[in-house]
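Here's the structure, in structure tokens; my notes come after.
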Amino acid sequence: MQKNSPYNDYDIIGNLALLQNPVLTLTAEEKVICENDLKQIAIRLPDISHTFYQELMGCLVVAFFLDLYNIHKRINERNPVSDQNAFLLRRFVELLETGEYRINREVACYASKLFVTPKYLSEVCKKVSGRTATFWIDRFTITEITTLLRNKQLTLTDISQEMNFSSISYFSRYVLRTIGVSPTEYRQSADKRNMT
């Protein structure tokens with residue numbers, strides 16, 4: 001998905017919107033469009049002998065993304081985002097995608113790497129995505145943590161250290177604050193979901 005995400009002024013808004021809330025209410029016409037996009041991908045997916053298979057699949061995925069972005073734009077009409085703001089937010093998300101959140105969870109660190117103030121970075125994030133920079137740092141971090149918590153081979157101490165928390169108690173407080181349950185409770189609820 002990352003490799004074939006359209007690169008335009010709306011891509012960062014669309015990507016963040018789909019990450020934040022992947023459920024969109026579709027009109028009957030939009031439903032048909034999305035079904036057709038997915039059907040085309042499914043039809044062409046097995047044809048790995050196609051000389052331009054990667055490019056073909058990439059184009060089909062891009063078409064699907066553009067249709068999703070169009071639907072999102074209809075649902076969430078907004079003022080256009082300036083190129084400068086879109087570029088800054090794109091660079092911020094690229095830092096997060098590299099796994100920087102495993103080491104740094106402070107807005108000031110990202111702002112410094114992007115040569116802006118923490119306040120400005122948060123304002124741009126809020127303006128473009130409706131969420132602060134801290135929200136996006138936490139979103140990437142907790143996604144990784146919940147994945148690690150589902151791995152029974154890792155202790156809470158292992159996960160805490162891998163995610164560069166200063167202590168297991170700080171790690172536990174962070175998880176509790178971010179998702180509303182302790183790491184142990186999350187792990188237990190994940191076990192129950194897997195059993196059903």
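Could you tally up the Lys pairs in the stretch 49-154 with alpha carbons closer than 26 Å? Skip any pair fewer than 8 positions apart unless they're on separate chains.
Details: LYS73/LYS126; LYS73/LYS127; LYS113/LYS126; LYS113/LYS127; LYS119/LYS127.
The number of close lysine pairs in the stretch 49-154 is 5.
Using a 1.4 Å probe and ignoring any ligands, DNA or RNA, find the accessible area of VAL32 and quote it in Å² to the nearest 10.
The accessible area comes out at roughly 80 Å².
What's the ranking of 180-189, 89-98 by average number of surrounding C-beta atoms within 10 Å, highest first?
Working: 180-189: 14.5, 89-98: 16.4.
Final packing ranking: 89-98, 180-189.
In whole Å, what is the distance between the alpha-carbon centres of the stretch 95-115 and the stretch 49-76?
A separation of 29 Å, based on Cα centres.
At ASP83 and ALA190, where each label point lies 7 Å from the Cα along Cα→Cβ, what is the point-to-point distance in nanometres?
My value for the distance between the label points is 4.3 nm.
Work out the FRET efficiency for GLU106 and LEU24 from their Cβ-Cβ distance, taking R0 = 30 Å, and round it to the nearest 0.05. Don't jump to the answer; show the numbers that get you there.
Details: r = 33 Å, r/R0 = 1.09.
Between GLU106 and LEU24 the formula returns 0.40.
Would you work out which of GLY130, LEU149, GLY99 lies farthest towards the positive end of the dipole of the stretch 94-190? Charges go on Cβ: Lys and Arg +1, Asp and Glu -1.
Value computed over the given set: GLY130.
With labels modelled as points extended 7 Å from the Cα through the Cβ direction, what inter-label distance (nm, one decimal) is found for ARG44 paired with ASN151?
The modelled label-to-label distance comes out at 3.5 nm.
Pop out the ³J(HN,Hα) list for the stretch 38-48 in order, Karplus 6.51 cos²θ - 1.76 cosθ + 1.60 with θ = phi - 60°, rounded to Hz; leave Gly and Pro as x.
For the stretch 38-48, the Karplus curve yields 5, 5, 4, 4, 5, 5, 8, 4, x, 7, 6 Hz.
Could you tell me the calculated FRET efficiency between PHE52 and SER169, based on Cβ-Cβ distance and R0 = 41 angstrom, to the nearest 0.05?
On the way: r = 54 Å, r/R0 = 1.31.
Once the sixth-power term is evaluated, E becomes 0.15.
How many nm is it between the label spots at GLU94 and PHE135, if each spot is 7 Å from the Cα in line with the beta carbon?
With each label point 7 Å from Cα toward Cβ, the separation is 2.4 nm.
The values are calculated or read from the model by the stated rules, or taken from the named source; none is laboratory data. On a predicted model such as this, the values are computed, not experimentally measured, just so you know. Counting neighbours? That spans all protein chains shown, and the Cβs are built from the backbone with ideal geometry, glycine included. Just so you know, the surface numbers come from the protein's heavy atoms only, side chains and all, with ligands and any DNA or RNA stripped out. Shrake-Rupley method; radii C 1.70, N 1.55, O 1.52, S 1.80 Å.
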